[in-house]
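This report concerns only the one structure given below.
Nothing in this text is a laboratory measurement; each read-out follows from the coordinates by a stated rule. Worth saying up front: this structure is predicted, and the values here are computed from it rather than measured. All Cβ positions, glycine included, derive from the backbone under ideal geometry; neighbour counts span all protein chains shown.
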Amino acid sequence: MADGIVGANIARFLIDKYRGDLAFIVTMKINDIYLEAKSAEVPFYVFDSEKNVLDRIEGDIELGILAWWPKILKTPLLKAPRLGFINTHPSLLPHNRGKHCSFWALVEQAPFGVTLHRIDSEVDKGDIVFQAPINYDWSDTGNTLFNKAQAAMLDLFKKTYPVLRSGRFKANPQNHSIGSFHLSSEIESASKIDLNANYRARDLLNLLRARTFEGYPGCWFEEDGCRYEISIKIKKDIKNEST
């Protein structure tokens, strides 16, 4: 079940290298993933309901892959594959479960990375199968971290898929006493700057760069009935970098 750039790249990798592994591909709409599956004569269809996914499963399915899939799956579909589902998540779980992971990683100064984990009934709480950390510095924004996560996720999946397809992979429980969880609805209020509040310079800069994302609104404040938005760019001064 694939969507977005990461889903398209993972689907393309599987079609090219492991065509025989694919029982079928599910997409959110008629897009490049759909067209590539059709061209490769891989069974495919556009998602309309979980029931219809279940109805189309013929024979035994070993493993389900959620490749950047935007919807939360529920039982009984979750239990349909013998080994369950593996999800691609753009954070270093248990840090930043939920939405807008790159934003919250910078705001909270949390470790960042990508994770392949089992799916269970709770959002992003399933056991961790594989992870890859991603380093960041002051020159990064929410946008650059998101782009790094997309590239790292594809790389992690390619490296680990031979183990995934074998079924002989270990899964380690997450430590839910650390980390954080955020809903999509939180980002708007979290991005508001109070002109009369006191901020540490470090915290304000982290907030501003976390919400700097091409094509999307930045942080915002209001004055005299008007709303203003802010995005920033922090550039490393290589000439004066300490050794």
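Using the Cβ of residue 194 as centre and a radius below 12 Å, the other residues enclosed give a net charge of -1, where K and R count +1 and D and E count -1. Note that the range 190-201 has calculated 3J(HN,Hα) couplings of 5, 8, 7, 9, 8, 5, 9, 8, 9, 10, 5, 4 Hz, one per residue in order, obtained from phi through the Karplus relation 6.51 cos²θ - 1.76 cosθ + 1.60 (θ = phi - 60°); glycine and proline are x. Note on residue 79: aspartates and glutamates with a C-alpha under 18 Å away, same-chain residues under 8 apart excluded, are 50, 55, 58, 60, 62, 120, 122, 124, 127. Ellipticity at 222 nm from helices only: DSSP H runs of n ≥ 4 in the chain, each -39500 (n - 2.57), divided by the residue count, give -9500 deg cm²/dmol. Cross-link reach is defined here as a Cα-Cα straight distance under 20 Å, omitting same-chain residues fewer than 8 places apart; for residue 192 the lysines meeting it are 99, 233. Here the calculated FRET efficiency for residue 169 and residue 122, from their Cβ-Cβ distance with R0 = 22 Å, stands at 0.60, rounded to the nearest 0.05.
Residues whose amide H comes within less than 5 Å of that of residue 88, counting only those at least five positions distant or on another chain, are 66, 68, 69 (H built at 1.01 Å from N in the peptide plane).
Neighbours of residue 8, meaning other residues whose beta-carbon lies under 13 angstrom from its beta-carbon, give a summed charge of -2 when Lys and Arg score +1 and Asp and Glu score -1. Would you list which lysines come within 19 Å of residue 17, measuring only between C-alpha atoms, while excluding same-chain residues fewer than 8 positions from it? Correct list for residue 17: 38, 158, 159. The packing ranking of peptides 175-184, 84-93, 17-26, highest mean first, is 84-93, 17-26, 175-184, where packing means the average number of other beta carbon atoms within 10 angstrom of each residue. In the chain, the longest principal axis of the Cα atoms and the axis of helix 142-166 are about 20 degrees apart.
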